[in-house]
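The structure appears right after this line, and notes come after that.
The values are calculated or read from the model by the stated rules, or taken from the named source; none is laboratory data. Treat the numbers as computed from the prediction; the structure is a model and nothing was measured. Please note: Cβ atoms are built from the backbone with ideal geometry, for glycine as well, and neighbour counts cover all protein chains shown.
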Amino acid sequence: MVENRRSRTRFEVFEVTGPSMVPTLLHGDRLVVRHGKAVRPGDVVVLRHPFQQDLLVVKRAVERRPGGWWVLGDNPYNETGDSTVYGTVPEELVLATAVLRLRPLPADQRSLRARLSWAASALRPLWADVSASSRLRAR
């Protein structure tokens, strides 16, 4: 799930909360998302929850089905809401596609080596993961 930080640009920053997208995204990660980008199978997307539209969630778009997108979390051990609970998500509820993930600097990383290690892994692009889409579709 995500907390919204509103802006008027085509790009926006969200903070991830919860474990539904582990290992791809961790609680506290920041996402840079792009509005208006075409969704492809395997993309990580931000969407409005179909039953609670004031709640924004982050899931992987697995495949396009009649009525919208089938979305699932990457964490098979987390039973939070996804399309197995609420079915396909209409296109108009899919708000944005994630393009970058930024892991926050842990407070206990004070050494130069720890900070350099964090810097090397903190910023990652999020491309469509078709293999994840296929793996999740099989669940």
Query raised in the report: How do the strands (runs of 3 or more DSSP E) wholly within the range 13-100 filter down when requiring 3 or more residues that are buried (at least 19 other Cβ atoms within 10 Å of the Cβ) and touching a helix residue (DSSP H, G or I) at 6+ places or on another chain (Cβ under 7 Å): which remain?
Result: 68-72
Query raised in the report: VAL85 passes all but one of (1) among the β-branched types (Val, Ile, Thr); (2) farther than 14 Å from GLY18 by Cα; (3) touching a residue at least 12 places away in the same chain (Cβ under 8 Å); which number fails?
Result: (3)
Query raised in the report: Looking at the range 110-127, is at least one residue touching a residue at least 60 places away in the same chain (Cβ under 8 Å), closer than 22 Å to PHE11 by Cβ, surrounded by 12 or more Cβ atoms within 10 Å (Cβ to Cβ) and not hydrophobic (A, V, I, L, M, F, W, C)?
Result: no
Report task. Inspect all residues belonging to the range 59-80 and state whether any of them is within 22 Å of HIS35 (Cα to Cα) and hydroxyl-bearing (Ser, Thr, Tyr). Result -> no
Report task. Could you tell me whether any residue of the range 93-107 is more than 12 Å from the chain's Cα centre (by Cα) and either closer than 22 Å to VAL130 by Cβ or at pLDDT 95 or above (or both)? Result -> yes
Query raised in the report: All but one of (1) touching a His at 6+ places or on another chain (Cβ under 7 Å); (2) at pLDDT below 90 hold for GLN53; which doesn't?
Result: (1)
Requested in this report: Quickly run through the range 42-73 and pick out the residues that are touching a residue at least 12 places away in the same chain (Cβ under 8 Å) and of a type in the set (S, T, N, Q).
Outcome: GLN53
